[in-house]
1. Does any residue in region 96-112 that is under 11 Å from ILE57 (Cα atoms) come within less than 6 Å, Cβ to Cβ, of a residue that is among the aromatic types (Phe, Trp, Tyr) six or more places away or on a different chain, and which pairs are these?
2. Restricting to region 61-78, and then to whatever is assigned to a loop (DSSP other than H, G, I, E, B) and in contact with a helix residue (DSSP H, G or I) (Cβ under 8 Å, 6 or more places away or on another chain), can you tell me which residue is farthest from LEU142 (Cα to Cα)?
3. Taking the condition of being buried (at least 20 other Cβ atoms within 10 Å of the Cβ) and assigned to a strand (DSSP E or B), how many residues in region 237-259 meet it?
4. In this structure, does ASP294 turn out to be of a type in the set (D, E, K, R) and more than 25 Å from ALA170 (Cβ to Cβ)?
5. Looking at (1) without any contact (Cβ under 8 Å) to a residue 40 or more places away in the chain; (2) surrounded by 13 or more Cβ atoms within 10 Å (Cβ to Cβ), can you tell me which one ALA217 breaks?
6. Residues in region 127-145: is at least one among the charged types (D, E, K, R), closer than 30 Å to ASP273 by Cα, assigned to a helix (DSSP H, G or I) and at pLDDT below 90?
7. Here is a list of conditions, (1) assigned to a loop (DSSP other than H, G, I, E, B); (2) surrounded by 15 or more Cβ atoms within 10 Å (Cβ to Cβ); (3) of a type outside the set (Phe, Trp, Tyr), and ASN200 meets all of them except one; can you say which number that is?
8. For region 50-80, name all the residues that are over 9 Å from the mean Cα position of the chain (by Cα) and of a type in the set (Ser, Thr, Tyr).
Amino acid sequence: MKRIFHVLCLLLLLALVCRTALADRMYLIPDSDTRRLTESELWDWDRESLSFIFNEIFARHGYVFNPGGKYDVWFSAMPWYRPNASSDNQRYCYPQLSRLEWDNYHTIKRVAAEMDSYGYRGHDSHKKCYRNFTPPNNNFTLSGFYYADLKAGQKLAVYSAPSSGSWRGANGKAQVSTNGGVWAAGWDGNWLLVYYETNNGSIRVGYVDGSKLKGSAGTYQNLYFEYQQVILTAGCALTDDPMRSGSVMAQLRSGQPVTYLSSYINQRGQNWDYIETTVNGKQARGFIPAGSLDYPADPLFDAEGGYDDAGEVG
């Protein structure tokens, strides 16, 4: 019995070591929160990479980035990233940074400003360029979704809309196993919007019933949708996979009225409109290529760029 106990302890220790090593590879600079960075090492990176190193300091503490922006997309792919429940970064995020992290913040900002003054962007010989760093599951990401640390051993029914009476993929049998990776965007009532990889290698975006979840689902904000009545300007396919296969839920026709909910960006920078309609007489939500709807431009849209006192240095 003692030998079995020792073996189990050894296996647990090895698992923890492997997990720590994997987590280190998920950071551009794994110890930027415990070690003082030097200007010379920062000059080993190209200018754009500095922006991600800079924001990594804040992302550790749940900094909320511009939805759909490059930092939101990048850090959303990181299992360690947990955005604050509030978007008030100054109140909820900044106080968590240590004095050392603030010193590193100033060092990175100083080097970035110096690079800008020289018009320096970097060169191909840099080994530590963020483009050469592959975040986990970077072959499929969707803006606004974050890795969900769900209790393993669950199989949850997945619906295209927040209702058990809505259209359901896989011939009405779509479900997700929490033994695999699951990414979540937020709550619509008691339904959690998620995406995951299916057995055939495609991606499915849909809703799981929060009352069926065992254990904690983590902290996610309530989803905000516009619910704007619009008209399709061109025929197109409705899909629940805007990242890989584009599997067709239904073919929509030009002139058809639908409800616009929101917009998302996938890992290739493609824009998708998230809409609600009906499929086979059932409520259904899915994605269509942006530009297929007749709706007014949003005058409040604020593009990313530049930097404020902290976070999102461009």
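The values are calculated or read from the model by the stated rules, or taken from the named source; none is laboratory data. Since the model is a prediction, treat every value here as computed from it, not as a measurement. Don't worry about glycine lacking a Cβ; one is built from the backbone with ideal geometry, like all the others, and counts go over all protein chains shown.
1. These pairs meet every condition: ILE108/PHE54.
2. Among those residues, the one meeting the criterion is HIS61.
3. So the answer is 5.
4. Answer is yes for this residue.
5. Here ALA217 meets the rest and fails (1).
6. Yes - at least one qualifying residue is present in region 127-145.
7. Here ASN200 meets the rest and fails (2).
8. The answer is SER51, TYR63, TYR71.
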